[in-house]
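In what follows, a single structure is set out as structure tokens and then discussed.
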Amino acid sequence: MLGTLIKHEFRYIIKTFSMIYIIFLLIALVLKILSSTIISLSPEKIDSAFDASSTDPMMSTVYIAFMTITFIFGALSAAMPFFAIIDNIRRFQKNMFTDEGYLTNTLPVTATEHVAAKLLAGLANYIVCGIVLIVGMLITGGTDTIEVLNEIIGGITDPNIPIHEKLGVVLILITGFIMFILYGYLITAFNSMTNSKGCVTAIIVFFSITLGITFFSRLMSAIILATNSEDFGMFIVAGVFTLVSALFWFLLTNILNKHLNLQ
């Protein structure tokens, strides 16, 4: 049944995010075409294109189009990862604590399977979102982005960097993501138990995650400094994230099993 739930979640993700990702890549392509067009112009034309007071209608149009597309591309680049997380949490709240909960509660599925399906689908979508962002930057950035990626890949494959350091970074990223998603689930669960409105949930989740990120960032720094070892500290941080995630998981499944309000 868990596999069926995961497939259902992926169908939702494809339906919801595929068009967003396609639009983002199309915008990246348009931005690349505009920037390439501007670069191919003479220096005088380029100056005119970026001169807001230019009397050349064509150059003014190029300027406005370039700045508008650049703004949209930048806004989407910043918003997509955030939206991927918030939508995953919103979907959890909608499926479990709204009218859809009536149908959800009739399925022969445990609370653990419900949470696991949404968590795995959310993690997969976040990874895809990161890949789409990289592809978009490759389209717009060209060789500059490739050089940055080569440096990152070089660091990953560098034999001089101990494997435990690389593993520590991966563990922190994975356990940190799981912890904050579960934190969002837990906040929505607590909020839904009080029959609060969806907008209140969104506000609480946003500020709670923001404060949580600040707190755990300081905690990570403190742990690494206390151990006086960045290598060892990373594994401690990942361990802390894992323990906190386990606590969130326990509280969340307990709410779903015993206190799910579907009346």
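For region 86-93, check the following and say yes or no: at least one residue is surrounded by 12 or more Cβ atoms within 10 Å (Cβ to Cβ), outside any helix (DSSP H, G or I), modelled with pLDDT under 90 and not aliphatic (A, V, I, L, M). Within region 86-93, none of the residues are surrounded by 12 or more Cβ atoms within 10 Å (Cβ to Cβ), outside any helix (DSSP H, G or I), modelled with pLDDT under 90 and not aliphatic (A, V, I, L, M).
Residues of region 153-165 include at least one that is of a type outside the set (K, R), at pLDDT below 70, within 30 Å of M19 (Cα to Cα) and surrounded by fewer than 18 Cβ atoms within 10 Å (Cβ to Cβ). Per the listing I204, I209, I178, the residue uniquely modelled with pLDDT of 80 or more and surrounded by 14 or more Cβ atoms within 10 Å (Cβ to Cβ) is I178. Assess whether F73 counts as being assigned to a helix (DSSP H, G or I), touching a helix residue (DSSP H, G or I) at 6+ places or on another chain (Cβ under 7 Å), under 30 Å from I38 (Cβ atoms) and modelled with pLDDT under 80. No: the conditions fail for F73.
The values are calculated or read from the model by the stated rules, or taken from the named source; none is laboratory data. Since we're looking at a predicted model, the values are computed, not measured. Reconstructed Cβ throughout: ideal geometry from the backbone, glycine too, with neighbour counts over all protein chains shown.
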